[in-house]
Number of protein chains: 2
Amino acid sequence: MTDSNSNHTPEDFGAFVPGQRFRIEGRAGGPLSGLTFVAKDLFDVAGHPTGGGNPDWAKTNPVPERHAWAVQTLLDAGADLIGKTITDEVSLGILGENPFYGTPVNPRAPGHVPGGSSSGSAAAVAAGLCDTALGTDTGGSVRVPASFCGLYGIRPTHGRLDLSGMMPQAPTSDTTGWFARDAETFARVSAIMLGEAIPEELPRRLLIAEDAFAFVEPDTASALRPLVERLARLIGETAEAVLAPPGLAAWYRAQSTLQPHEASRTFAEWIERTNPRFQFSVARNLMLGSQIAAGDLTHAELVRQEARGDLRRLLPQGTILCLPTTPFPAPPCGQPLTATTALRSRIICLCALGGLTGVPHVTIPGATVDGLPVGLSIIGARGSDAILVAVARALSGTN
Amino acid sequence: MTDSNSNHTPEDFGAFVPGQRFRIEGRAGGPLSGLTFVAKDLFDVAGHPTGGGNPDWAKTNPVPERHAWAVQTLLDAGADLIGKTITDEVSLGILGENPFYGTPVNPRAPGHVPGGSSSGSAAAVAAGLCDTALGTDTGGSVRVPASFCGLYGIRPTHGRLDLSGMMPQAPTSDTTGWFARDAETFARVSAIMLGEAIPEELPRRLLIAEDAFAFVEPDTASALRPLVERLARLIGETAEAVLAPPGLAAWYRAQSTLQPHEASRTFAEWIERTNPRFQFSVARNLMLGSQIAAGDLTHAELVRQEARGDLRRLLPQGTILCLPTTPFPAPPCGQPLTATTALRSRIICLCALGGLTGVPHVTIPGATVDGLPVGLSIIGARGSDAILVAVARALSGTN
């Protein structure tokens, strides 16, 4: 149940925070001149309130005086900022349904959720309202809307980019990511954001995560197969591998212990000070996050430590691994709480490796299930972000 | 943190639900003709949405086609209904701070909370905007705002009045109550609502709850002493007595186990269907209510059973007992969550006997602490409602 995008015109796909469609011009003659972008409402834009998808956050925090690092970086590179986009409240959501500002329309799947929490950023790019968009990814918040809206998206190596001016959620998992409709734009923006040229050379070995493909809906796995085959032809050596030795569910459990615990600490002072409004499910997650037992936290930290080692062994330089980005395409909007809670766990289960291990993660569009987009993910060793972008670009030139 | 009554003009003390100030005339020539009343937004008024203090309840439930029993009863008696008043969300609150519609002004203590959950009803009567007002009392929601706003208020014997058209919270504790500024109006309205003449004869014995007076702030106990002495002179025989043999805290614990458990069941289907917005504290209470262990529930039910027996022994016909209504006068608005949570427990501790035992409970104004009102409560055997009203009326004629 939402405000039904009542604040929006049909033309903007409900992607923008009400009143936050504006234009700030990028530096003339920059490498991204001619491109436009939007920023998720978690990024500071000087003179505009940062709301984090919750009107009480906007009301009880100062209007920023400086741009976030990511916003400034794109402006310095010449891109024009054209507005701030809707997010799940305080980035705690994976479907993109916001009861205060409405659910952005998924331009590729109307009537289905856009995915979240970077919902408005994905919707704006998919609708062609802008060329690229800033999002954040703590537990899947770039990867999931990219998959559901048929976009390129990246969750960079954790700790690589400067997060100043980005509203935190769970700092040991938080990242800044971005979206694009086409591989070339994705590569141009990535080179700027990563501060590194996108290489021509590709990895030499591809692993196919058999556990992750087995976990997803069979029709989603089938839909991704042609893309996997093209990728295998592009890379050369290919093998099946197990991504999560203790099980994806074990990784899910560790991430859904650590992340809500950190999130409840991040927002504790604000909640204490202002007793803000939340959708019930968001309040419940924050509440459960504050109740996690010390023994469960310790266990989750050890699972994380072990998962990082597992991926270091699995993914040496020159090896990448592919997996489905989401277990299914975008579900219909407006489902009951029990249903969305179950969908949410399955989605987050497949995304948990990001927050848990911090490796870079790129999602590539190109498959559909009954006309609805689903993405194929590739991951690599920490720091291999540009190589993953190179693979995405090279793959777009194949068929 | 609230919307700062931005929807309201100063003249209405922020008491009304935005857009819900109107007039429905009562039957001409009725016993209450010439009086005006308001109804807490938990009561159905035909053609007007019932919001229960939460915009998502209003949006996801049908507009009622019939008046609630209590509304119809006052209209039939000739009183004019002039609007619907703000309540804490779904009646889960005791201070009266509503983040969606604002906190009604306490006309007797500006800058301090009005008390809740029947906040707007109490504010409207205290401000002189109407003569009487309908409220509900599950855990203190008439008694507390009556005490904080300097009004007469009643929580009738549980199960006595017809609650049809009143939004439930915890059915084994829910009651319909009402407010008035003066004892005569209080008696007139009470006679209609109770369907029983207010007697002239008074009880013969007064008990003073020594545990309850010891529990409250010393300056509140002192402020109430002259009122207790007038009451003692009015009744005649007086004795000290222990109200809660196992301790007020034991009664608090039982009531705060049973009531949130029931409330979480009452709202479970709606939450499942709509994932509504709540102030964090309200979502937390509903969440905690849904997590109560079966063994704790059983224990609480036994404490309730025993408490009912204790009060039957303590309060035979002809005996009443007095206690402070609240442990202190209205606290300042806008305190942090930890502080309001602590205040709330202390207030509810003194009110727990109502929901737990179901005996009738009248609160009488007339004392102040540093200029802020506090009420004196009287309780009696089940069914002695009219006798308590008679005491309140007789006391107003003494000095």
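The values are calculated or read from the model by the stated rules, or taken from the named source; none is laboratory data. The structure displayed is predicted, hence computed values, not measured ones. Note that each Cβ is placed from the backbone with ideal geometry, even for glycine, and that neighbours are counted across all protein chains shown.
Can you say whether A:Ala170 is in contact with a strand residue (DSSP E or B) (Cβ under 8 Å, 6 or more places away or on another chain) and among the hydrophobic types (A, V, I, L, M, F, W, C), as far as the supplied structure shows? I'd like the intermediate steps shown before the answer.
Values: in contact with a strand residue (DSSP E or B) (Cβ under 8 Å, 6 or more places away or on another chain): no; among the hydrophobic types (A, V, I, L, M, F, W, C): yes.
No, not satisfied.
Only a single item in (1) in contact with a Phe, Trp or Tyr (Cβ under 9 Å, 6 or more places away or on another chain); (2) closer than 19 Å to A:Thr341 by Cα; (3) surrounded by fewer than 24 Cβ atoms within 10 Å (Cβ to Cβ) is not met by A:Thr60, and it is number (2). Within the stretch B:55-73, track down each residue that is within 14 Å of chain A (Cβ to nearest Cβ) and either in contact with a Gly (Cβ under 6 Å, 6 or more places away or on another chain) or over 16 Å from B:Phe16 (Cβ atoms) (or both). The answer is B:Asp56, B:Trp57, B:Ala58, B:Lys59, B:Thr60, B:Asn61. Restricting the stretch B:358-383 to residues that are among the polar types (S, T, N, Q) and surrounded by 24 or more Cβ atoms within 10 Å (Cβ to Cβ), the residue that is farthest from B:Val228 (Cα to Cα) is B:Thr363.
Yes/no per residue for (1) touching a residue at least 40 places away in the same chain (Cβ under 8 Å); (2) under 30 Å from B:Pro365 (Cα atoms):
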{"residue": "B:Ala244", "(1), (2)": "yes, yes"}
{"residue": "B:Ala250", "(1), (2)": "yes, yes"}
{"residue": "B:Leu258", "(1), (2)": "yes, yes"}
{"residue": "B:Glu262", "(1), (2)": "yes, no"}
{"residue": "B:Gly289", "(1), (2)": "no, no"}
{"residue": "B:Leu315", "(1), (2)": "yes, yes"}
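Just a yes or no: is a residue in the stretch B:109-118 surrounded by fewer than 24 Cβ atoms within 10 Å (Cβ to Cβ) and in a loop (DSSP other than H, G, I, E, B)? Steps first, answer last, please.
Taking the stretch B:109-118 as the starting set, the residues that turn out to be surrounded by fewer than 24 Cβ atoms within 10 Å (Cβ to Cβ) are B:110-112.
With in a loop (DSSP other than H, G, I, E, B) added as a condition, the list becomes B:110-111.
For the stretch B:109-118, residues surrounded by fewer than 24 Cβ atoms within 10 Å (Cβ to Cβ) and in a loop (DSSP other than H, G, I, E, B): present.
A search for C-beta distances below 6 Å between a residue of the stretch B:43-60 that is within 17 Å of B:Ala15 (Cα to Cα) and touching a residue at least 40 places away in the same chain (Cβ under 8 Å) and any residue that is among the polar types (S, T, N, Q) and crowded, with 19+ Cβ neighbours inside 10 Å, counting only pairs 6+ apart in sequence or on different chains, returns B:Gly53/B:Thr87; B:Gly53/B:Asn98. For B:Thr326, the conditions (1) away from chain A (no Cβ under 14 Å); (2) crowded, with 20+ Cβ neighbours inside 10 Å; (3) over 23 Å from the mean Cα position of the chain (by Cα); (4) not basic (Lys, Arg) are fulfilled apart from (3).
When the test is whether a residue is under 15 Å from the mean Cα position of the chain (by Cα) and not assigned by TED's automatic domain parsing to the domain that holds A:Ile347, A:Leu92 passes it. Residue count for the stretch A:148-170 under the criterion of being under 24 Å from A:Ala58 (Cα atoms), within 15 Å of the chain's Cα centre (by Cα) and of a type outside the set (A, V, I, L, M, F, W, C): the result is 2. Taking each residue of the stretch A:176-192 that is of a type in the set (Asp, Glu) and looking for partners that are at pLDDT 95 or above with beta-carbon atoms closer than 9 Å, six or more apart or interchain, yields A:Asp182/A:Asp131; A:Asp182/A:Tyr152; A:Asp182/A:Ser396; A:Glu184/A:Arg393; A:Glu184/A:Ser396. Taken together, A:Thr319, A:Thr338, A:Thr357 contain a single residue that is over 26 Å from A:Arg204 (Cβ atoms) and among the β-branched types (Val, Ile, Thr), which is A:Thr338. Taking every residue in the stretch B:210-226 that is more than 22 Å from B:Gly247 (Cα to Cα) and pairing it with any residue that is crowded, with 22+ Cβ neighbours inside 10 Å, at least 6 positions away or on another chain, the pairs with Cβ-Cβ distances below 8 Å are B:Ala223/B:Ala367; B:Ala223/B:Val374; B:Pro226/B:Ala367. State whether the residues of the stretch B:40-48 include one that is outside any loop (DSSP other than H, G, I, E, B), out of contact with any Cys (no Cβ under 9 Å at 6 or more places or on another chain) and more than 19 Å from B:Met193 (Cβ to Cβ). For the stretch B:40-48, residues outside any loop (DSSP other than H, G, I, E, B), out of contact with any Cys (no Cβ under 9 Å at 6 or more places or on another chain) and more than 19 Å from B:Met193 (Cβ to Cβ): present. Among the helices (runs of 4 or more DSSP H) contained in the stretch A:203-322, which hold 2 or more residues that are surrounded by 14 or more Cβ atoms within 10 Å (Cβ to Cβ), within 14 Å of chain B (Cβ to nearest Cβ) and not small (Gly, Ala, Ser)? It comes to A:248-274, A:280-289.
Among the residues of the stretch A:68-77, is any without any contact (Cβ under 8 Å) to a residue 60 or more places away in the chain and of a type in the set (Gly, Ala, Ser)? Looking for residues that are without any contact (Cβ under 8 Å) to a residue 60 or more places away in the chain and of a type in the set (Gly, Ala, Ser), one finds none in the stretch A:68-77, hence no.
For the stretch B:82-103, the candidate set comprises residues that are surrounded by 24 or more Cβ atoms within 10 Å (Cβ to Cβ) and more than 14 Å from every other protein chain (Cβ to nearest Cβ); within that set, the residue that is farthest from B:Ser141 (Cα to Cα) is B:Gly83. The set of residues in the stretch B:351-389 that are under 19 Å from B:Pro114 (Cβ atoms), out of contact with any strand residue (DSSP E or B) (no Cβ under 6 Å at 6 or more places or on another chain) and of a type in the set (Gly, Ala, Ser) comprises B:Gly366, B:Gly371. The number of residues in the stretch A:70-81 being surrounded by fewer than 24 Cβ atoms within 10 Å (Cβ to Cβ) and part of a loop (DSSP other than H, G, I, E, B) comes to 2.
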